[in-house]
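The values are calculated or read from the model by the stated rules, or taken from the named source; none is laboratory data. This structure is a prediction, so every number in the text was calculated from the model and none was measured. In this analysis, Cβ positions are derived from the backbone assuming ideal geometry, glycine residues included, and neighbour counts consider all displayed protein chains.
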């Protein structure tokens, strides 16, 4: 007698599950795309920063030697070392997420 209600409820639950999985897929895909865009922007910025820092370091090396210049060069070397560590970490993250990027479709 109540068989139709049970079947209707099961079908409704199955449809809700499929809809939830579809929504989850869309949200994960959008989050991944945002992550990729942020990563690209960050890499571009780091490359520009590295280029500028190298140019400044070359100009500073040819400038007159003073105590202030040596202090500034020391800070620049520390900043360049930090940049190298950040770039290495970013490269490591790219290698780590490479299997995931093979699964996710591109635009």
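Residue 38 satisfies every condition listed in (1) within 20 Å of residue 88 (Cβ to Cβ); (2) not in a helix (DSSP H, G or I) except (2).
Which residues, taken from segment 43-53, are under 30 Å from residue 101 (Cα atoms) and either at pLDDT below 85 or loosely packed, with under 13 Cβ neighbours inside 10 Å (or both)? Hits for segment 43-53 are 44, 45, 47, 48, 51. Within segment 1-24, can you find the residues that are closer than 25 Å to residue 103 by Cα and modelled with pLDDT under 95? Within segment 1-24, none qualify. Restricting the first member to segment 78-96 and to residues that are under 11 Å from residue 53 (Cβ atoms), and the second to residues that are assigned to a helix (DSSP H, G or I), the beta-carbon pairs closer than 6 Å and six or more apart or on different chains are 80/53; 83/50. Quick check on residue 51: is it out of contact with any helix residue (DSSP H, G or I) (no Cβ under 9 Å at 6 or more places or on another chain), farther than 30 Å from residue 26 by Cα and in a helix (DSSP H, G or I)? The answer is yes for residue 51. Could we say that residue 87 is over 17 Å from the mean Cα position of the chain (by Cα) and modelled with pLDDT of 85 or more here? Answer is no for this residue.
Residues are listed down the side, and each one gets a yes or a no for (1) at negative phi; (2) surrounded by 10 or more Cβ atoms within 10 Å (Cβ to Cβ); (3) touching a helix residue (DSSP H, G or I) at 6+ places or on another chain (Cβ under 6 Å); (4) modelled with pLDDT of 80 or more:
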{"site": "29", "(1), (2), (3), (4)": "yes, yes, no, yes"}
{"site": "55", "(1), (2), (3), (4)": "yes, yes, no, yes"}
{"site": "60", "(1), (2), (3), (4)": "yes, yes, yes, no"}
{"site": "70", "(1), (2), (3), (4)": "yes, yes, no, yes"}
{"site": "74", "(1), (2), (3), (4)": "yes, yes, no, yes"}
{"site": "102", "(1), (2), (3), (4)": "yes, no, no, no"}
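Among residues of segment 6-32 that are part of a helix (DSSP H, G or I), none has a beta-carbon under 7 Å from a residue that is at pLDDT 95 or above at least six positions away or on a different chain.
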